[in-house]
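Each remark here refers to the structure printed beneath this line.
The values are calculated or read from the model by the stated rules, or taken from the named source; none is laboratory data. Treat the numbers as computed from the prediction; the structure is a model and nothing was measured. A quick note on method: Cβ atoms are made from the backbone with ideal geometry, for glycine too, and the neighbour counts reach across all protein chains shown. Surface accessibility is based on the protein's heavy atoms, side chains included, excluding ligands, DNA and RNA. Shrake-Rupley method; radii C 1.70, N 1.55, O 1.52, S 1.80 Å.
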Amino acid sequence: MSDARSGTSAPTVLRMILGRRLQEMRLGAGASLEDAAKALRVTTLTIRRLEKAEVALKPLYAEKLLETFGADRQEIDEFVDLAEQANKPGWWHSYRDAVPSWFTAYVSLESGAKTLRTYEPQYVTGLLQTPSYAHAVLRGGLPNGSEEELARRVELRLLRQKLLEGEDAPTLWVVMEEAVLHRVVGGAHVMREQLERLLDVSELAHVSIDIVPFTAGAHLGACAPFTYFRFEEPELPDIVYSELLSASVYLDQRADVVSHLEAHSRMALMTSSEDSRALLNRMRKEYS
């Protein structure tokens, strides 16, 4: 996938699925990119971008392409209906004033994933932050931001957390460095509240929290924060999002994804859920 800070609009997970299906149907029909481009009277670059979900798939384009590929009427109608759904803005669209456009791709992937694995060396992951902790983190990153802007960003972060609720909640596996617990964000009261939140959610069957202790020393995963997404839909590959100071990228090449998964697993082996909970309890007492 492309650099997360590119100027293209963020694809929804459904648009990505349709792009993959479109490519599979074209190949199954023995049609080339040139054949598909001729059917729509567009360039082959446009077809590539449609298949990679870099641009929205117009229902009329979808219908014409599927007719070209020999699909039956029912299959065409079902695909067109999905294309119309894919072009509808996600629930986060109303918060486009509060977050960079490139981050909406992350929210879309997060909302559609069945499994999430995160590594956080600096802060508690956003899905588990309390309102006060989130406000303090965002204030640190936006020292000149208005209170209204910060409030909107906190609100979006809290709405994202709702995906952990309900029977169809994804599995979340968080690995954090012990340094996260020692970094005083917002003061002792905020930290104590945040640690209590971590202790509470760690009891949920679909949430795991592992904290790599200082005693682990240097290790493979001591790097930038990243999030791994796995989806239920077979059309979608596993994806890793990684963020640096001046760049953010989405990776879907197998070698890149596997290296991040291995790092996450190895870090988790450096501790246990019992030791992690014990550390959280000790730190909570320190902030009392």
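Could you tell me whether the stretch 87-104 includes any residue that is at pLDDT 85 or above, in a helix (DSSP H, G or I), among the β-branched types (Val, Ile, Thr) and open to solvent by less than 80 Å² (accessible area, probe 1.4 Å)? Among the residues of the stretch 87-104, not one is at pLDDT 85 or above, in a helix (DSSP H, G or I), among the β-branched types (Val, Ile, Thr) and open to solvent by less than 80 Å² (accessible area, probe 1.4 Å), which makes the answer no. The set of residues in the stretch 234-283 that are among the polar types (S, T, N, Q) and surrounded by fewer than 16 Cβ atoms within 10 Å (Cβ to Cβ) comprises Ser246, Gln253, Ser259, Ser265, Ser272, Ser273, Asn281. Quick check, is Ala56 small (Gly, Ala, Ser), surrounded by 14 or more Cβ atoms within 10 Å (Cβ to Cβ) and touching a residue at least 60 places away in the same chain (Cβ under 8 Å)? Answer is no for this residue.
Hey, can you tell me all the residues within the stretch 107-121 that are under 19 Å from Ser94 (Cβ atoms), acidic (Asp, Glu) and open to solvent by 20 Å² or more (accessible area, probe 1.4 Å)? Correct list: empty.
Looking across the stretch 269-288 at every residue that is under 19 Å from Val190 (Cα atoms) and either part of a loop (DSSP other than H, G, I, E, B) or in contact with a His (Cβ under 6 Å, 6 or more places away or on another chain) (or both), the one that is modelled with the highest pLDDT is identified as Tyr287. Kindly list the number of the only condition in (1) under 25 Å from Phe231 (Cβ atoms); (2) of a type outside the set (Asp, Glu); (3) open to solvent by 70 Å² or more (accessible area, probe 1.4 Å) that fails for Lys64. Status for Lys64: all satisfied but (1).
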